[in-house]
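*Asks:* Okay, here's the structure, questions in a sec.
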Amino acid sequence: MRLDKYLASCTVMTRREIKKELRKNPAVVGGLKVSAPETQVDVKSVVYFLGEKMEYHEFTYILMNKPAGYVCTNREGRNPTVFTLLDERYQKMNLFTVGRLDKDTTGLLIITNDGDLSHKMMHANKHVEKTYYVTCDRPIPSYAADAFAEGVDIGDDKPTRPAKLMLSDELPCEGYLTISEGRFHQVKRMMEAVGCTVVKLYRVSVGDFNLHNGPQPGKYREFNEEEMEIAEKYKNQ
């Protein structure tokens, strides 16, 4: 990889800024000073730039606790996107979300540039489970759990796949719903099928990824070691 591209992936600087900086402050690659931006660098090399050791990773993995009001697209529009919440360093990368959450839906969102992981988790044949905490405008009927376990008609060509609903004894308008598909507005349409309107929707988990030790609403962080192991597990399936 070109030195300037390598350094741009490790810093918040643009390649133009890096080229200018290299003239004054060469990088140290494998113990040798290098100022030519076109120099080919082995990504496994030990590289220092501006006094700091560079950390290069082929892919980036981010766990975000998505707030309401943001859309899951990297195209500019009327609504702010989740990518505007990221630091400048990440905004330079070709990142995308693994699946999408509606503008008003909050909770777990994975952002990456690893297409293999996204494919393995989101492909319809994989049936990766996603759990949501649902708040409705009225008490969720007791028969909903059995109906969802059988599959319900939400207006598509075929009923939904079996889903799990765990109702709250103390909060009758709320519950946890686990689905293994990703149809358009699926949770909202399933609740409408049993006479309820979703007023708040929070995604708790996607597969083995969860927000138990995750960032606060509106915040994000890169995967920890456990989450990296989970990602490798899905990629090897």
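*Asks:* Restricting the search to region 64-97, which residues are under 20 Å from residue 217 (Cβ atoms), exposed (fewer than 15 other Cβ atoms within 10 Å of the Cβ) and small (Gly, Ala, Ser)?
*Replies:* Selection gives 69 alone.
*Asks:* I would also like to ask the following. Based on what the data block shows, is residue 112 in contact with a Phe, Trp or Tyr (Cβ under 9 Å, 6 or more places away or on another chain), modelled with pLDDT of 95 or more, among the polar types (S, T, N, Q) and closer than 19 Å to residue 184 by Cβ?
*Replies:* no
*Asks:* Also, quick follow-up: Using beta carbons and a limit of 6 Å, which pairs, at least six apart or on different chains, have the first residue in region 55-82 and more than 23 Å from residue 227 (Cβ to Cβ) and the second one aromatic (Phe, Trp, Tyr)?
*Replies:* Partner pairs satisfying both residue conditions: 80/70.
*Asks:* I'd like the full set of residues that are part of a strand (DSSP E or B) and either touching a Cys at 6+ places or on another chain (Cβ under 6 Å) or more than 25 Å from residue 5 (Cβ to Cβ) (or both), limited to region 49-80.
*Replies:* 63, 64, 65, 66, 71
*Asks:* Which condition number in (1) part of a loop (DSSP other than H, G, I, E, B); (2) in contact with a Lys or Arg (Cβ under 9 Å, 6 or more places away or on another chain); (3) more than 18 Å from residue 147 (Cα to Cα) is the one that residue 234 fails?
*Replies:* Tallying (1) part of a loop (DSSP other than H, G, I, E, B); (2) in contact with a Lys or Arg (Cβ under 9 Å, 6 or more places away or on another chain); (3) more than 18 Å from residue 147 (Cα to Cα), residue 234 fails exactly one: (1).
*Asks:* Given the options 146, 116, 153, name the one that is out of contact with any strand residue (DSSP E or B) (no Cβ under 8 Å at 6 or more places or on another chain), over 23 Å from residue 100 (Cβ atoms) and either part of a helix (DSSP H, G or I) or open to solvent by less than 30 Å² (accessible area, probe 1.4 Å) (or both).
*Replies:* 146
*Asks:* Sticking with this structure for a sec: Taking the condition out of contact with any helix residue (DSSP H, G or I) (no Cβ under 9 Å at 6 or more places or on another chain) and farther than 28 Å from residue 113 by Cα, does residue 164 pass?
*Replies:* It is false that residue 164 is out of contact with any helix residue (DSSP H, G or I) (no Cβ under 9 Å at 6 or more places or on another chain) and farther than 28 Å from residue 113 by Cα.
*Asks:* Can you pull out every residue in region 173-196 that is polar (S, T, N, Q) and either within 18 Å of residue 142 (Cβ to Cβ) or at pLDDT below 95 (or both)?
*Replies:* 178
*Asks:* For region 10-28, what are the residues that are touching a Phe, Trp or Tyr at 6+ places or on another chain (Cβ under 6 Å) and part of a helix (DSSP H, G or I)?
*Replies:* Once the filter is applied, which keeps residues that are touching a Phe, Trp or Tyr at 6+ places or on another chain (Cβ under 6 Å) and part of a helix (DSSP H, G or I), region 10-28 yields only 10.
*Asks:* Could you run through region 187-204 and say how many residues are under 29 Å from residue 59 (Cβ atoms) and surrounded by fewer than 19 Cβ atoms within 10 Å (Cβ to Cβ)?
*Replies:* Going through region 187-204 one residue at a time, the tally reaches 1.
*Asks:* Only one residue in 189, 183, 138 is touching a residue at least 12 places away in the same chain (Cβ under 8 Å), assigned to a loop (DSSP other than H, G, I, E, B), under 24 Å from residue 110 (Cα atoms) and not acidic (Asp, Glu). Which one?
*Replies:* None of the others qualify; the one that does is 183.
The values are calculated or read from the model by the stated rules, or taken from the named source; none is laboratory data. Please read all numbers here as calculations on a predicted model, not as lab measurements. All Cβ positions, glycine included, derive from the backbone under ideal geometry; neighbour counts span all protein chains shown. Only protein heavy atoms, including side chains, enter the accessible area calculation; ligands, DNA and RNA are left aside. Shrake-Rupley method; radii C 1.70, N 1.55, O 1.52, S 1.80 Å.
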